[in-house]
Amino acid sequence: MASVLLLPSSSSSCCCSRKINAAIYVPKLPKLSLSLPKIPMRNLGEELKTSDGFINTIPVENINHVIDDRSHNSSTNIVTTQLYAILEAAADRIEMHANIGEQRDNWNTLLLNSINMMILTAATMAGVAATAGGIGMPLLALKLSSTLLYSAATGMLLIMNKIQPSQLAEEQRNASRLFKQLQSQIQTVLAIGTPTQEDVKEVMEKVLALDKAYPLPLLGAMLEKFPAKFEPAVWWPKNQVLQKKNFLHEGKQCDNGWSEELEMEMREIVKVVERKDIEDYVRLGNLALKINKTLAISGPLLTGIAALGLAFVGNGSWAPIVAVAAGALASTVNAFEHGGQVGMVIEMYRNCGGFFQLLQDSIETTLEERDLEKRENGELFEMKVALKLGRSLSQLRELARKSASSHVDEFASKLF
């Protein structure tokens, strides 16, 4: 920066003064031209503003993908929540059926002991009345007491034979086991597979089918204990959904583990199950049902005859013998029917027959599906069938070969 100093000059006045003038000259700076880049205009849907003020630019297709993922995750969470709700309901039903099964098993024991004690006491009093002789008040008291006991035992036997407590207890035990099986299936779907709304619908149908097959109440919903014909139990939906979950080898095999040999093997297994196992359990069930019907009629009939025979005690006739003998036979019949739990045996046959019927339906439904990708994996399906029949894979294939050559001399199941 340059500066110029101007010295003062003396004026013509008398006062001498000095005057200093200073001037500063600044050189002109060159003009600077700044060019700023133009900020491109962006669509509002293409920018997401974060909390710290910066702007993140995301393509529209990525945003749509994120929205789709969130909606899919939300749908999956809803389905998972629904399955957990059904799982809780199944656990509650397991507890209810177990408790009621124990209660009805106690009914069988208590009613059996009480009725037999009443019958034996009445028979003893009838015998004492026959030996007492005479027509006095002691004889009347013995006859009246014995008649009342026989009548009460007859009424209780009619009720007990109608409801069959041992069969009721077995029904609840089977229901508890099947609900535990369903609970395990739901847990498997939640742990391994990706649950869908179809899974929820299928599980709901299975729960309702089990509720119908094994009702809890007695009045109005109890299963018929003396049907005209023995039929295996059915605890699965009639329109059973084909199993589509392929947890193993999914997408790795175009045939999904199936082959013509495996299909022929499954068809032969179905023939053996139908000819041997189902037929045998239906035969045994019909036999047990006939025996139970005979016993259920004989018990109350004998106690009723004994009660009528007491009216002629003291007249020197065969009435005392009839009263005592009928009471003893009634006690024996009651002990054989309810002590031997014939009703429980019938229910066991119903459940076993239903097990093989379900296995047959499952194989037939799978083979009817022509789209191999919609079937369960063939190798997995074969292993499940072998386990249900208590056989190894080699034993299962050997059984199919025997069935194809018509030389089958054994049952399909080795479990029961």
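The values are calculated or read from the model by the stated rules, or taken from the named source; none is laboratory data. Only a predicted model underlies this, so the values are computations on that prediction, with no experimental measurement involved. Reconstructed Cβ throughout: ideal geometry from the backbone, glycine too, with neighbour counts over all protein chains shown. Keep in mind that these areas ignore ligands, DNA and RNA; they rest on the heavy atoms of the full protein, side chains included. Shrake-Rupley method; radii C 1.70, N 1.55, O 1.52, S 1.80 Å.
Structure values in brief
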item	result
Theoretical gain in end-to-end length, ASP280 to THR194 [0.36 nm per residue, Cα-Cα removed]	26.9 nm
Pairs from LYS206/LYS293; LYS229/LYS271; LYS180/LYS212; LYS276/LYS414; LYS180/LYS201; LYS180/LYS206 whose Cα-Cα separation, in the structure shown, is over 21 Å	LYS206/LYS293; LYS229/LYS271
Listed residues THR196, GLY127, LEU218: farthest to the positive end of the dipole of segment 106-242 (Cβ charges)	GLY127
Karplus (6.51, -1.76, 1.60) ³J(HN,Hα), θ = phi - 60°, over segment 262-278, in Hz, Gly and Pro reported as x	5, 5, 5, 4, 5, 5, 5, 5, 4, 4, 5, 4, 6, 6, 9, 5, 4
Rounded percent of accessible protein surface that carbon and sulfur make up, segment 101-207, 1.4 Å probe	66
Segment 353-368 and segment 176-212: distance between their alpha carbon centers, rounded to Å	18
Stokes-Einstein D (µm²/s) once Rh is taken as the Kirkwood radius of segment 276-416 over alpha-carbon pairs, at 4 °C in 1.567 mPa s	67
